[in-house]
Amino acid sequence: MNDIKHHLTDALLIAYSAGSLPEGFNLVVATHISMCDECRARMHEFDAVGGAVMEAEPPMGLSDGSFAATLAKIANTPKVETAAPTAKSDLPAPLQDYVGGDLADVKWCKVGGGVRQAILKTDKSASVRLLHIPAGAQMPDHGHRGMELTLVLQGAFKDETDRFGAGDIEVASEDDHHQPVAEEGQDCICLAAADAPLRFNGWIPRIAQPFLRI
Ligand code: ZN
Ligand code: ZN
């Protein structure tokens, strides 16, 4: 996929390479990497740095010219290309195990406004779900209590920051607030992971209203 505009951050790629991400984020990162040559190449560079640092002896070995040796080692590391997915599925390879097949096997639940979701089973450090947003439909306006990664698998959405098409990933953090709207023409299917519940702006006033009688 060559028209990807929104990529993983270096921080996410390094954390993925070091194996320190929650499982839900790992899945989103791995799925983007499977769709994106650019991030796959950068991840291999970080893997090489990680490998070279681990091999460096003694442990303080990034001084005394060994940094140059490390760089030389990286330069000599052959590029390992991840095998292209071979299965005939309409889902990227990393997702197939979680879904148990392809898009037709996803067990969707309605969440209102025509939006459907399927929560995927991962450890509890981050939740990850597939979202099916009808063309033109809006997601609720929300903020974030932690980090949210949203990867577009099909269609496109727009929010206050930009347009995200197939393969694009949006990295939202605590300071970000947005209202994704699926583009007209095609339903939007996303893979979204968050390490804390979202902050829905409309809900609290609505829930509180009958009690407050205002
Ligand atoms: Zn990328
Ligand atoms: Zn969000």
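The numbers here are math on the coordinates, done by the rules we state, and not lab data. None of the values given here were measured: they were computed from a predicted structure. We place every Cβ from the backbone using ideal geometry, glycine too, and count neighbours over all the protein chains shown.
Need the full-extension length gain, Trp108 to Val53, defined as separation in residues times 0.36 nm minus the C-alpha distance. One decimal, nm. Let's see the in-between values first.
On the way: separation 55, 0.36 × 55 = 19.80 nm, distance 4.39 nm.
Separation in residues times 0.36 nm, less the Cα-Cα distance, equals 15.4 nm.
Sum up the charges of everything whose Cβ sits under 14 Å from the Cβ of Ser89, counting Lys and Arg as +1 and Asp and Glu as -1, but leave Ser89 out. Write out the running numbers ahead of the final one.
Values: positive: Lys88; negative: Asp90, Asp97, Asp102, Asp105.
After counting each charged neighbour, the total is -3.
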Taking r as the C-beta separation of Val181 and Asp97 and R0 as 25 Å, the FRET efficiency to the nearest 0.05 is 0.20
Taking placed amide H atoms and a strict 5 Å upper bound, the residues 5 or more places from Leu120 or on another chain that come that close are Val128, Arg129, Leu130
